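Structure record follows, encoded as structure tokens.
Bear in mind that the values in this text are calculations on the coordinates, not laboratory data. The shown structure was predicted, so the numbers you read here are calculated from the model rather than taken from an experiment. When we count neighbours, we look across all protein chains shown, and the Cβ atoms used for this are built from the backbone with ideal geometry, even at glycine.
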Ligand code: FAD
Ligand code: A2P
């Protein structure tokens, strides 16, 4: 069972005013050195504290130092990429999947580096890290292992789904029985984070887990533009619509906020074929804990 009651879900064990000071254990670059995208799998040690978490939750990272106004930096949230027992399987670590934010200032053209992501992506083993949380009480696995799970991710939005997959296929006494679909959008094939693990689950799940990738800068959508997750969803919209209508499917969306409209377009088209209005139906799915969104 994923979790027994809401009261069992650990939240806010460490707060921003008194964060847990953990240590970096591993910092592995997931994308090749020559890729413009620097995405890291970072493992943090929790062994000296009481932080625990379940799949689908996030933690806060408080960057060291102060902002331009001399105030301590505010925390940034990161989805947890490990299952509750951690990558070392001893319940003493938490893992994150973080993209280094670097961009040109739209007016000055100067290079700007995101505060927290650069702190995390540059961590070396043994470096201290201020951690808060965990947070999140709804982006969680369903308790019933016969439910279908549809996961839609762009980029680092894969983090909670890596945690889900590890839990349902590696750790549950009986592997998940429902269908499990993952739509995953990245720029190029080398940006397919955790690809070997994901492909491994297509075999380990006995065919229950299906991986559908949208590689925006290598594949084209039907209109000749970049292939995004919402275009892959449009290809399967009728099946997905019938899955959500059966009320035995939990849908999760994680990653770039921009994908949400496109996903709505795909479901609007499918629902309209039966004379139904997607927004009202989606509202009802959300109310019933069957539609979860964590976009940033
Ligand atoms: P900041 O110093 O805060 O700068 C970011 C700001 O820079 C943006 O708000 C924007 O104003 C500006 N900016 C960024 N890019 C550009 C651009 N190209 N052009 C112009 N302006 C730009 N991130 C992950 O990497 N992995 C995760 O698993 C993850 N999970 C998250 C979960 C949740 C629930 C939320 C809310 C966010 C999550 N994030 C995740 C995002 C993360 O919290 C940070 O926002 C991100 O890492 C940037 O923080 P930063 O301190 O590096 O950048
Ligand atoms: P692209 O950058 O080629 O336009 P990121 O690495 O920035 O997190 O992006 C992950 C993937 O999400 C990339 O393939 C990116 O495509 C894609 N993406 C960017 N904008 C959107 C959007 N509005 N909807 C869906 N996918 C998007």
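Couple of notes before you dig in:
- For the chain, share of DSSP beta bridges that run antiparallel, in % to the nearest 5: 55
- For the peptides 255-263, 132-140, 29-37, residues were scored by their other Cβ atoms within 10 Å and the scores averaged per peptide; the highest-first order is 132-140, 255-263, 29-37.
- Three-way shape call for the range 127-193 based on the alpha-carbon gyration tensor, with the a/c threshold at 1.5: oblate
- Shape category assigned to the range 1-156 from the gyration tensor of Cα positions, a/c cut at 1.5: prolate
- In range of the label at residue 90: residues from the range 40-64 whose backbone nitrogen is under 12 Å from the point 7 Å along Cα→Cβ: 45-48
- Spin-label model distance (nm) - residue 242 vs residue 286, 7 Å beyond Cα toward Cβ: 2.8
- Note on residue 101 and residue 217: their simple-model spin labels are 2.0 nm apart, each label 7 Å out from Cα toward Cβ.
- Relative contact order [Cα under 8 Å, 6+ residues apart], the range 12-108, whole percent: 27
- By other beta-carbon atoms within 10 Å, ranking 168, 215, 59, 28 with the fewest at the front produces 28, 215, 168, 59.
- Taking the average, over residues, of other Cβ atoms within 10 Å as the packing measure, peptides 277-284, 87-94 rank 87-94, 277-284 from highest down.
- As a calculated quantity, the FRET efficiency between residue 274 and residue 21 at R0 = 51 Å, using C-beta atoms, amounts to about 0.40.
- The range 180-253: antiparallel DSSP beta bridges as a percent of all, rounded to 5: 10
- The alpha carbon centroids of the range 241-286 and the range 14-92 are separated by 32 Å.
- Relative contact order [Cα under 8 Å, 6+ residues apart], the chain, whole percent: 18
- Mean residue ellipticity (222 nm) of the chain, computed from DSSP H runs ≥ 4 via -39,500 (n - 2.57), nearest 500: -6000 deg cm²/dmol
- Relative contact order [Cα under 8 Å, 6+ residues apart], the range 130-230, whole percent: 26
- Sites residue 68 and residue 138, calculated FRET efficiency, Cβ-Cβ separation with R0 51 Å, nearest 0.05: 0.90
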